[in-house]
Structures are given as C-alpha cells and as structure tokens.
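First up is the structure itself, then whatever we jot down about it.
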Amino acid sequence: MPSEEDNLSALSPRDRQVLKEISEGQSNPKKIAEKLEIKEVSVISSAEGLAEKGLIRLDKKVEEVYALTEEGARYAEIGLPERRILEIAGADGVPISKIEDPSLKVGIGWLKKKSWAAVEAGKIKPTGEAPPGKDEEILEALHFQGQTGASAFDPEALKVLKSRGLVEPSTCKSWCFEITDAGRSFFRRSVEDSVTFRWDSISYINQITSDMIKNGNWGGKDVYYKGARHEVRPYDVTLTAERIYPGKMHPYQRLLSWMREIMLEMGFTEIKGEIVQPSYWNFDALFQPQDHPAREMQDTFYLDTKADIPDYATVKEMHERGGEVGSTGWGGTWDPEVARKEVLRTHTTSVTIKYLADHPNPPVKAFSIDRVYRREAIDPTHTPEFEQLEGVIMDENLSFANLLGVLKEFYAKMGFDEVRFRPGYFPYTEPSVEPEVYIEGLGWVELGGAGVFRREVTAPFGIDHPVLAWGLGVGRLAMLRLGLKDLRLLYQSDVGWLRDVPLSTRM
C-alpha cells in the first residue's frame, strides 16, 4: 500500500497548491484560481483528481438560473404593459381606441387574464385593486440582483414570464471543496497557524533531463543532483490521455483528393472548365433537343446573359436532319438564340464535350472532378449544388468491353471488389450501363452511369473514333464511405463530426 509520502509525490505541483488552499479553508474554485493566478478550469481539474484520490470532498451543483431579456429589462424599469394601461385608465377607465401604442396593446389581454380590468363597449374599466403580481416581483428582483437561481421564485410566474420572452434561462454550475482527513494528514500546522506540507523539504521532479541521467546519483526513486535530493514524480501510464484534435483535411475533400489520385494513376489528364456555360455546350452539343424537359426553368439555373458560340452549322444540321450518321435528328428548327443562353452547368459533360471538340484526334484520356448545379429541393439526399466525377477515353478501335474493363479497374481502386453492370439509358450515350457495387449491409448500390457517346454527339466536331464516358455522383459515394444519412452534413461546419471522422490515407 503506498505511503502518504508516495501519494504526495504523485501529485503535480499545481495539485499540491490547490490542496494547500483547500486545507486553509478555501472552497470556491474562482477565488483559488485568482489567488494562484491560474485558470478556474485548471483548479476544477486538479480538484477532481484530488477527489478521486480521496483527499477532498467535491460538491458539484447544476442549477437553472434566470436573467432578464432586453425587453424584460425595459419592462422592469417602465412597468408591464398591463400596469401602464391601468395607470392611463385611472378610476374611470379608457376607450381601447385611445391605446395607440402597439407595445401597450398586448397588455389588454393580460389585464383580462389577471382580472385587473374588464372590457365593455370598447372601453377598459378597472375592476378594483391590482396589487403587484409575482411576475412583477420577479422582474424587479432580477433587475436589481441580476442572474438568480430559479428556486428563488414562483415557478408558475417564471413560466409565464418565459412564455412572454421577458426572462431567459441558463444553466449554472458551481463547485464547493472540503478537505478530508486523508488530505489533512499531508500537512502540519505551526505555532503561527501557518499550513505547510509535511514533506516540503523534498523537491519533486516533473521532467527528467539528459543531464540528470548522466550526472545524477540515483538511488531508487530518488536522485541526488547538484547537491540536493530530488524525488521523481511517478506517472500512471495507464491513464487516458487528453484527446488532441490536430488540423486535418476535411473528410469530403480527402475523398475528392483520393479519387483524383486514382484517375491520375490510371493515366488520365485532369481538365477544368467554367461554371457558367452556354446552353450550346451544356445541352445542344450533347444532342439534347431544345424542347427537352431538362431545359425548363424548374430544373436549370438560367442567367440573364447570352454567350458567343462557335460555328454551329454541323450541330444545327444534326439536330434538324440527323447529319450523315444515319440519324433522323429531332426535326423542327434549331434556334441559335436558345443555344446562346447561359446557365450554371448542370453536368461536367459540358466541359468534357468542349475539350473533345478542341482535341478531336486520338488519343484522349481526360477526367474532371467539379461542382454542378441543378434546381433541386434540399433534403437529406439532394442539394442544388454537388460534385461530379467524369472520365472520357477516345482512341482507335475502342469497344464497349474496354469501357467495362476500365470501370471495373476504377471501382476496384476505390475499394469495391464486387462490381456488376446492368443496362441503362442516358441521353447522349448508346449503349449505356449503370455500374453497381456490393456494399455489406446495403446490397447492390448503383454508383453512376456510363456508355459510348452517340455519333450524333461526336460527328459534328469531327471526332471519328469511339468515345467511352462515365460519370459518378461523388456525394452518394461520400455518404456510403462516411456512414452519413444526410448529404448536407458534408457542407456544414459541425466541429464534433469533423473531429470524430478518423484520419486515414484511404477512405
């Protein structure tokens, strides 16, 4: 069993200071902190450790306290509206029409509730005596005393004042310390009534230096160093250390960086484009008809501006008559003014098709990870702006089988061992598939779409070779990887969540 001297040596210098103050009768952590010139929270931390060792008793109280709101403070000075109406009414009463101040009108209802007055024929008539109520007494008390415990007031009156927004509650914590016999045994009291530790002659070392190790004379737990005896303070290495929250990359940004790294490893070149795009690149170049529902205002963010567009003759021909690729086109008349309307891009494919138009000769292997915008109602799985990853490959003799192979490799690098494909439909690819990955506990989950660009998309730009393309909604993947049920958390500054998400090189 450890001796008293052993127990004392286990205390830090701050713990011993706090214990000494408590032994001298100090029980308030704030006053102890002021005397020792340390933070109050440090005193409380030391006191909790001393209480665990049985050296002090710690009494912690949590109490609900009330204070006046700004409006409550004003009423405490000038009186409640119902009291002021009574003063205006006098003994004879007053017509309601004479109460013109909006801040007073609220008092009419309270006059009736308190039975201080009656309303007859549009006139407020006092009913008799109206002694100060408990609510007025509370307002006056809080005005002079400041923040006060709820136990000091009538609970019903407090409830009424709270409902009127005149007082507001908060939680107040208080601590009280008292030394125990075990703690008292650490001290001796002199004739002059001063309190000192019984082992004040011992110097305690909190940190061993290299010089102490080389030049000290060690004997058990003591070291004789520079002509004095020192005792090394013991440490309990089994105690839980204080959590440290280092700076780290946002989990969502980490996921985006990881995906970018995978694409670069697979030999892709990253491309960027403008957020604001002409409808020409966002819709028309992708062979989307000008009367398509996706172009409606309820789905797309339009700007009040128009952009210059390149020579559109081949695109116009493809839309109206199908060009020379065996297509019938959409018919009708293609309007270049509709194509000039600027939008917030609804997909990163608007950037991809422009890049392909500028680089029509193989090989092309490009990707982008960027934000897109759609008029979506905000809910746990939808936001009006989100990130997309998109990749394209254009080369000679590419086939649909090549696309499936690339996709399987891509998802394998992302940690999905089981991948399958099922037929899908997308406006500007044919054939098209929807890749699905198997996730334990969820089953098969669709993670994007893919296909081969239709000739109606590539031919107008002189692209004569197959273009393989796929896209992925990054938000859905982030929810799966991070275990989220609400997509909005990715964009909120929830410090608790950010701290708890583990830091790893792979999501």
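Quick notes on this one:
- The phi torsions of region 27-33, fed into the Karplus equation with coefficients 6.51, -1.76 and 1.60 and a -60° offset, translate into couplings of 10, 9, x, 5, 5, 5, 4 Hz, rounded to whole numbers, with Gly and Pro shown as x.
- Three-way shape label, region 282-435, alpha-carbon gyration tensor, a/c 1.5: oblate
- Ranking of LEU19, LEU68 by count of other Cβ atoms within 10 Å, fewest first: LEU68, LEU19
- Region 16-62, relative contact order [Cα under 8 Å, separation at least 6], %: 30
- Cα centroid separation, region 358-378 to region 20-83 (Å): 59
- Per-residue [θ]222 nm for the chain (sum of -39500 (n - 2.57) over DSSP H runs n ≥ 4, rounded to 500): -9500 deg cm²/dmol
- For the peptides 313-319, 244-250, 48-54, the ranking by mean Cβ contacts within 10 Å, running from highest to lowest, is 313-319, 48-54, 244-250.
- Put in order of Cβ neighbour count within 10 Å, fewest first, the listed residues LEU111, LEU58 become LEU58, LEU111.
- Nonlocal amide H pairs with THR269, under 5 Å, H built at 1.01 Å: LYS365, ALA366, PHE367
- Mean separation of Cα pairs under 8 Å and 6 or more residues apart, divided by the residue count, gives the chain a relative contact order of 12 percent.
- Among the listed values [x] 28.8; [y] 45.7; [z] 25.5, the one matching mean projected area of the Cα convex hull in nm² as calculated from this structure is [y].
- For region 252-500, the residue among HIS382, PHE421, LEU498 whose Cα projects farthest onto the positive side of the dipole built from Cβ charges is LEU498.
- Euclidean distance of C-alpha centroids, region 85-163 and region 285-326, integer Å: 68
- Average Cα contact separation per residue, region 67-173, under 8 Å, 6 or more apart, as relative contact order %: 37
- Using the Karplus relation 6.51 cos²θ - 1.76 cosθ + 1.60 with θ = phi - 60°, the per-residue 3J(HN,Hα) values for region 86-92 come to 4, 5, 6, 5, x, 6, 8 Hz, with x marking Gly and Pro.
- Antiparallel bridge percentage (DSSP; both residues within region 252-500; nearest 5): 95
- Stokes-Einstein D in µm²/s, Kirkwood radius over Cα pairs - region 67-173 at 10 °C with 1.306 mPa s viscosity: 109
- Going from the fewest other Cβ atoms within 10 Å to the most, the residues LEU404, LEU442, LEU264 appear in the order LEU442, LEU264, LEU404.
- Residues whose placed amide H lies under 5 Å from that of GLY448, excluding near-sequence neighbours: GLY473
- Rounded if a/c under 1.5, otherwise prolate or oblate - region 380-507, Cα gyration tensor axes: prolate
- Karplus-based coupling profile of region 274-286, in residue order and whole Hz: 6, 5, 8, 10, x, 4, 4, 7, 6, 10, 4, 5, 9, with θ = phi - 60° in 6.51 cos²θ - 1.76 cosθ + 1.60 and x standing for Gly or Pro.
Every read-out reported here was derived from the displayed coordinates using simple, explicitly stated rules and does not represent laboratory data. Please read all numbers here as calculations on a predicted model, not as lab measurements. With ideal geometry, Cβ positions are generated from the backbone for all residues, glycine too; neighbour counts draw on all protein chains shown.
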